[in-house]
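A.B. asks: Pasting a structure below so you can have a look.
The values are calculated or read from the model by the stated rules, or taken from the named source; none is laboratory data. What you are looking at is a predicted structure, and each value in this text was computed from that prediction instead of being measured. In this analysis, Cβ positions are derived from the backbone assuming ideal geometry, glycine residues included, and neighbour counts consider all displayed protein chains. These area figures cover heavy atoms from the full protein model, side chains too; ligands, DNA and RNA do not enter into them. Shrake-Rupley method; radii C 1.70, N 1.55, O 1.52, S 1.80 Å.
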Amino acid sequence: MEMKTVKKVGLLFFVLFAFVSFCSCERYGTEVEDMMIIQGVAVDKSGNNFEVTIEMLNNKQSASADASNVGDEMTLIYSAKGQTVAEALRLIINKTGTVPTYTHNKLVILSEEVAKTDISKVLDFFERDYTTQPITLLCVAKGEKAGEVLKADIGKDISKSEVLEKILNQSALSSITPKTRLIDVINTILDETACISLPVVTLEKNGKTKTFFVENLAVFDYKNEFSYFLNREASESVVKLLGELKNGTLVTEDEDGNKATFIIVDGKTSYDVTVNNDIVNFNVKVKMYCDLNAYEGDKFKSIKDETVKIFKENIEFSTEREILNTYETILQYGSFDVLRFGRRLLQNNKNAYVKLGKDWQNSFNNSNLNVDVEVIIRRIGEESYHE
């Protein structure tokens, strides 16, 4: 009896396997060459319409045994215009004859002009499309149309989207800009007290080719529209206040003006939030663990404890000043809470958040920030020479 049952189960699995194996290839869009495997999407404005540019894998090259017959480009670029982003993307099908999939889409690039509109309407398609990954990165193109970023000549046999994805990830790992994924932006839009900030990408000439460059942030208002750019120092301060400090580089001087370069190997940010007479006070402690990476003074001689102390005090003072200057800049230019301080208040004092969150832009503008930076210098590079 048991043997018959095993045979029936085995036969059932065989039938299912045969059904999937023989039928799947009959459905259009399941072959690699029938799919539009999108690597990156760029969104521009064209009058009242949107112009969407996509970078897709050269599927015919991937699927062909003889790639010389189908061109040597690793990726292909297509553009189309439509009343909406969704329509423009669908119209690209008429040019490629393939079915789009966003499973491998690495990023969405917005032009400055598009960023000046409510980007929630632009991103709605990507949030609803079931093949879009929530970890898709977002950024703003500065000085160029977004489509030109995807079309840029950065070398042969290169996926521009993949290169830019790596640069954006490295910028986040280096604590220059926060890592801004689609899911992060959507959650920020849904938070009525928070505003979006996105990494900014520019193109720089590198001989006959170009390179991508990312080092600062674009700040959006409460309507999800682009407002202004922060510089690199301010962008790094935003990362610290968001609690996303991982590593980075610091340059300071000794008493004689000799420069010393430190590597941040770890960082932690903690908050103590208090409310007095409806005024919110954010008391922030930033702790940074640093290693000396290079020093211009003393020609390889042992570094004095007094000099190490000067390094520590200089870094603490300059970091506190940069964070406070960033905070003042954000308040001065509209009090758009890209620091997510409203969320900090909610986590610490829900009753105050319910009351002050109704007009958070004004409450944030009236808030106070106190910063305490502690630097712990772990190594000065002498262990192997001066034991």
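A.B. asks: Where the accessible area of the chain is counted over protein heavy atoms with a 1.4 Å probe, how much of it, in %, is carbon and sulfur?
C.D. replies: Whole-percent figure for carbon plus sulfur exposure: 50.
A.B. asks: Another one. How many Å² of accessible area per residue for segment 153-258, probe 1.4 Å?
C.D. replies: 45
A.B. asks: To the nearest 20 debye, what charge dipole does the chain have about its Cα centre, counting +1 at the Cβ of each Lys and Arg and -1 at the Cβ of each Asp and Glu?
C.D. replies: 1220
A.B. asks: Scan segment 171-245 for trypsin sites (Lys or Arg not before Pro) in coil per DSSP, keeping those whose Cβ has at most 14 other Cβ atoms within 10 Å, and list them by number.
C.D. replies: Of the trypsin sites (Lys or Arg not before Pro), the ones in loops of segment 171-245 whose Cβ has at most 14 other Cβ atoms within 10 Å are 208, 223.
A.B. asks: Okay, moving on. As a quick test, which of the pairs 223/246; 179/208; 145/208 have an alpha carbon distance above 26 angstrom in this structure?
C.D. replies: Long pairs (Cα-Cα over 26 Å): 223/246; 179/208.
A.B. asks: Which of the DSSP-defined H helices in the chain satisfy a minimum axial length of 24 Å, computed from C-alpha atoms, and a minimum mean Kyte-Doolittle hydropathy of 0.0?
C.D. replies: Span-like helices here: 2-23.
A.B. asks: Also, I was wondering about something else. Students often get this wrong, so check it: of 45/210; 121/287; 116/285, which have C-alpha atoms separated by over 28 Å?
C.D. replies: Among 45/210; 121/287; 116/285, the Cα-Cα distance tops 28 Å for 121/287; 116/285.
A.B. asks: Find the relative contact order for the chain and round it to a whole percent, using C-alpha pairs within less than 8 Å whose residues are 6+ positions apart.
C.D. replies: 12
A.B. asks: Over segment 265-387, what is the relative contact order in percent, taking alpha-carbon pairs closer than 8 angstrom and at least six residues apart?
C.D. replies: Over segment 265-387, the number comes to 45 percent.
A.B. asks: Still on this structure: Which of the trypsin sites (Lys or Arg not before Pro) across segment 299-387 are loop residues per DSSP, with 16 or fewer other Cβ within 10 Å?
C.D. replies: 301, 304
A.B. asks: To continue, here is another question. Sort the following peptides by mean Cβ neighbour count (other Cβ atoms within 10 Å, averaged over residues), highest first: 278-285, 119-126.
C.D. replies: Packing order, densest peptide first, comes out as 119-126, 278-285.
A.B. asks: Same structure again: What's the extension gain from residue 365 to residue 298 if we count 0.36 nm per residue and subtract their Cα-Cα distance?
C.D. replies: In short, 19.4 nm is gained.
A.B. asks: Something else about it: So what's the chain giving for Rg/Rh, alpha carbon basis, Kirkwood Rh from the mean inverse pair distance?
C.D. replies: Rg divided by Rh gives 1.08.
A.B. asks: Which residue, chosen from 345, 376, 327, occupies the Cα position most advanced towards the positive end of the dipole of the chain, where the dipole is computed from +1 (Lys, Arg) and -1 (Asp, Glu) charges on Cβ about the Cα centre?
C.D. replies: Of the options given, the answer is 345.
A.B. asks: How high is the relative contact order of segment 195-338, given as a whole-number percent (alpha carbon pairs under 8 Å, six or more residues apart)?
C.D. replies: Relative contact order for segment 195-338 comes out at 21 percent.
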